[in-house]
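As structure tokens, the structure follows; a few thoughts come after it.
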């Protein structure tokens, strides 16, 4: 199963994402990597059964300009609606309210996060992605998200001294699937057995969507 990982920005290393996603190989995933994206490279999405987005809307240093242009957002939306799977991890979920198509795609938008602190990761509901998942605590950035789409299905919550937030959810778009996991700023979270289990479950759930054909 060939998937594309889009990673690396000013605050989030592509190397850390690569280390965290290495465990997918034992489930038959072959991961291609891209750090720089523009309207033309986004067309390559159709070559993959799923896309893993772990890159905020900032290019890697020293170029920290936004890369989620209207054209790139349109490609993501078309890709998923036509059968692609999208797994959004940590910084990939830092979608601004005004990034309309990505906001629509993931079902909500990023409000911010407090200073790093101990965060509890707990299953929510009976979603199959969290089946057998055992709660754990690690130091992390706790993302605060506003979910404004009633069709999202939350399966993970994060809680800390700052309150409780949705930490993982799924949503269907057309004939494709989207899964979002907000934890993952630090290596200890990426490599925790519980989070590794969530990553593999989420990736396999995303690729269950049919082979996409991107339309303009």
Region 139-164 residues that are surrounded by fewer than 15 Cβ atoms within 10 Å (Cβ to Cβ), paired with ones that are at pLDDT 95 or above and outside any strand (DSSP E or B) (beta carbon under 6 Å, 6 or more apart):
139/116; 149/107; 162/114
So which strands (runs of 3 or more DSSP E) stay within region 131-198 end to end and still have 3 or more residues that are within 17 Å of residue 12 (Cβ to Cβ)?
136-140
Could you tell me how many of the residues in region 90-107 are surrounded by 14 or more Cβ atoms within 10 Å (Cβ to Cβ), on the phi < 0 side of the Ramachandran plot and out of contact with any helix residue (DSSP H, G or I) (no Cβ under 8 Å at 6 or more places or on another chain)?
4
If you take the residues of region 1-41 that are within 21 Å of residue 82 (Cα to Cα) and out of contact with any strand residue (DSSP E or B) (no Cβ under 9 Å at 6 or more places or on another chain), which of them is modelled with the highest pLDDT?
38
Just to be sure, is residue 118 part of a loop (DSSP other than H, G, I, E, B) and modelled with pLDDT of 95 or more?
no
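The values are calculated or read from the model by the stated rules, or taken from the named source; none is laboratory data. A quick note: this is a predicted structure, and the numbers were derived from the prediction, not measured. With ideal geometry, Cβ positions are generated from the backbone for all residues, glycine too; neighbour counts draw on all protein chains shown.
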